[in-house]
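*Asks:* Have a look at the structure that comes next, please.
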Amino acid sequence: MFTGLIEEIGEIVEVTRGLGMALGVRAQRVLEDLKPGDSIAVSGPCLTVERLAGDRFYASLLPETAEGTTLGAARVGRRVNLERALRLGDRLGGHLVTGHVDGIAQVTSVQTRGETWLVEVLCPAGLERYLVDRGSVALDGVSLTVRSPAGRRFSVSLVSATLSATTLGDLRPGDLANIEMDLLAKHVSRLLAAPRGEESKLAAWLSEVELS
C-alpha cells in the first residue's frame, strides 16, 4: 500500500526484455532502508525489489504488467516516480494507493496558470464511473484531486511543488500516464453492483461490526 506522495525521482538505467521485463533503476533516498523482497511503486505499478547493487535496485515485471502500464515501453534514461510501501504509523498525506494500475490514460491538454498547471486527462473507457469531483486519482503514482469530471475526461491541478518533485512536470499533450482509480470508489461500485439480497447481508454484517 502507498500514499501517492513521491519520495524521489529515479532514472531507469537498465532494461532487459524477455518473457517479461526487468528494470534497473538508479535512486538515492529510497535505497536507505530498501531490501530484496520490499515493494516499491515505480511511476504507479507496485514492483518487488529483487536485488540491490550500488546506487540502483532491480525489479521484474510480469508480462501483464508490462503490457498494461507505460513501463512496457520504458527506455534507458526515463525518469520515474518512486515511493516505498507505506508503514503502519506513517502519516497518510495523500490517499490509499495500491500500486495496481487500472489502465493507461492520455493527457489531452496542459494549461499554465501562473505557477500552477491545469492538466486535462482522458481515462480508459469503463473507468469514468470512479471519477468524483474532488475525489482522488493517482497518475504515474502521484496522488491528485479530480476536478470537473465529464464523461471520460477530467482535470487535475499541479502546483509547483508537485511539478518539481515528480515527473508530472514532463507531461505534454498526447503523453500517456498510468492511472489508478480511487480504491474506495472501486469498492463502493462493486458493492452497489452486488446481486439482490447481498446488500442486506452487507448491512447486517456492518451492524454486527458496529455493535461488537
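Values quoted throughout were computed directly from the atomic coordinates according to the rules given, and no laboratory measurement underlies them. Predicted, not measured: the structure shown is a model, and the values here were computed from it. Using ideal geometry, Cβ is built from the backbone for each residue, glycine included, and neighbour counts are taken over all protein chains shown.
*Asks:* Assuming 0.692 mPa s and 37 °C, estimate D for segment 103-181 with Stokes-Einstein, Rh taken as the Kirkwood radius over Cα pairs, in µm²/s.
*Replies:* So the translational diffusion coefficient is about 268 µm²/s.
*Asks:* Amide H of Thr108: which non-local residues (sequence gap of 5 or more, or other chain) have their own amide H closer than 5 Å, using H built in the peptide plane?
*Replies:* Glu120, Val121, Leu122, Gly174
*Asks:* While we're looking at this one, here's another question. If contacts are Cα pairs under 8 angstrom and at least 6 residues apart, what is the relative contact order of the chain in percent?
*Replies:* 22 percent
*Asks:* If exposed GluC sites (Glu not before Pro) are those in a DSSP loop with at most 16 other Cβ within 10 Å, what is the longest stretch of the chain that has none?
*Replies:* 116-212
*Asks:* Magnitude of the Cβ-charge dipole of the chain, K/R +1 and D/E -1, about the Cα centre, nearest 20 debye?
*Replies:* Charge dipole, the chain, about its Cα centre: 320 debye, nearest 20.
*Asks:* For segment 118-164, what is Rg from Cα atoms divided by 2.2 N^0.38 Å, rounded to two decimals?
*Replies:* Cα-based Rg divided by the globular estimate yields 1.09.
*Asks:* Residue-wise, which Karplus ³J(HN,Hα) couplings in Hz belong to segment 66-71, taking 6.51 cos²θ - 1.76 cosθ + 1.60, θ = phi - 60°, and x for glycine or proline?
*Replies:* Per residue, the Karplus-derived 3J(HN,Hα) values read 5, 6, x, 9, 6, 5 Hz.
*Asks:* Right, here's the next one. What do you get for the angle between helix 183-192 and the principal long axis of the chain? Use alpha-carbon atoms, 0 to 90 degrees, nearest ten.
*Replies:* 30 degrees
*Asks:* Within 12 Å, Cβ to Cβ, of Val159, how many net charges do the neighbouring residues add up to if Lys/Arg are +1 and Asp/Glu are -1?
*Replies:* Residues close to Val159 contribute a combined charge of 0.
*Asks:* Relative contact order (percent) for segment 103-181, with alpha-carbon contacts under 8 angstrom and 6 or more residues of separation?
*Replies:* 41 percent
*Asks:* Something else now. Looking at the P(r) of the chain, how many percent of alpha-carbon pairs lie beyond 31 Å?
*Replies:* Value for the chain: 24 percent of Cα pairs lie more than 31 Å apart.
*Asks:* Which residue, chosen from Thr162, Leu71, Ala105, occupies the Cα position most advanced towards the positive end of the dipole of the chain, where the dipole is computed from +1 (Lys, Arg) and -1 (Asp, Glu) charges on Cβ about the Cα centre?
*Replies:* Of the listed residues, the answer is Ala105.
*Asks:* Now for a different question. Where in segment 18-90 are there trypsin sites (Lys or Arg not before Pro) that are in a DSSP coil and have at most 10 other Cβ atoms within 10 angstrom of their Cβ?
*Replies:* Here the trypsin sites (Lys or Arg not before Pro) that fit, given the DSSP loop and packing criteria, are Arg75, Arg87.
*Asks:* Can I ask one more? Using just the Cα positions, wrap segment 1-102 in a convex hull and report its mean projected area in square nanometres, one decimal place.
*Replies:* 6.1 nm²
*Asks:* Can you list the residues, at least 5 places off or on another chain, whose amide H is less than 5 Å from the amide H of Glu8, using H built in the peptide plane?
*Replies:* Under 5 Å from the amide H of Glu8 lie the amide H atoms of Leu82, each far enough along the sequence or on another chain.
*Asks:* Also, quick follow-up: All other residues with a Cβ under 13 Å from the Cβ of Arg129 taken together, and with Lys, Arg as +1 and Asp, Glu as -1, what is their net charge?
*Replies:* 0
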